[in-house]
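Every number here is computed from the coordinates shown, using simple stated rules; none is lab data. From a predicted model like this one, the values you see are computed outputs, not experimental measurements. Note that each Cβ is placed from the backbone with ideal geometry, even for glycine, and that neighbours are counted across all protein chains shown.
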Amino acid sequence: MDRLHVTLPGGDIKVFQVSQEGVIDLEGEKTPVKGMNRDDFLALAKKRYPGAKKIYLEEFRPNRISVLGEVFHQLNSELADGPMRVMDAIAAANGFTPLANQRRVKLVRQNAGRVEVYELDLRQMMKGEGMKQNLLLRPGDV
């Protein structure tokens, strides 16, 4: 989880955590920051706390996903162009190699400090069935 540290003029330090949903609560003002890049995030904080001595981000993770394994082109990709689903990521990696087991594709996701592993049957999705498995990807997904 990303944390925003703000050092106020009197020396007090305030720490704000970004929620799993991508929202930061700056003393009662809830602001969506999901998908925002680092510079825009810091600009938002500086606007909210113009007199701050120091503002910095801790554990800032870029808005990236990775596609690994039996695909033609393994990749790391930004989610900056809008939502991406599992099948979109596979397509961006130029599809599966002949060795891939398309019935047992794994999506690994960190969620609230724990690792979740989803086993997906992409073969079924390619037949137009089981499309609920075509999950929306989140930053950090592999």
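Filter the stretch 18-59 down to the residues that are of a type in the set (A, V, I, L, M) and farther than 23 Å from residue 79 by Cβ, then identify the one that is surrounded by the most Cβ atoms within 10 Å (Cβ to Cβ). Outline the logic, then answer.
We begin by selecting, within the stretch 18-59, every residue of a type in the set (A, V, I, L, M); these are 18, 23-24, 26, 33, 36, 42-45, 52, 55, 57.
From the residues that got through so far, the ones that are farther than 23 Å from residue 79 by Cβ too are 26, 52, 55.
Working: 26: 15, 52: 16, 55: 18.
That would be 55.
Just for the stretch 1-17: of the residues that are surrounded by 15 or more Cβ atoms within 10 Å (Cβ to Cβ) and of a type in the set (A, V, I, L, M), which one is nearest to residue 50 (Cα to Cα)?
The initial filter retains those residues of the stretch 1-17 that are surrounded by 15 or more Cβ atoms within 10 Å (Cβ to Cβ), namely 2, 4-7, 16.
Narrowing the set further to residues that are of a type in the set (A, V, I, L, M) leaves 4, 6.
On the way: 4: 15, 6: 10 Å.
Here the answer is 6.
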(request) With the condition kept exactly as written, say whether any residue in the stretch 37-54 is of a type outside the set (Ser, Thr, Tyr), assigned to a strand (DSSP E or B), under 29 Å from residue 114 (Cβ atoms) and free of Cβ contacts under 8 Å to residues at least 40 places away in the same chain. (result) no
(request) Being more than 14 Å from the chain's Cα centre (by Cα) and within 27 Å of residue 92 (Cα to Cα) is the filter here, so list the residues in the stretch 41-79 that pass it. (result) 68, 69, 70, 71, 72, 73, 74, 75
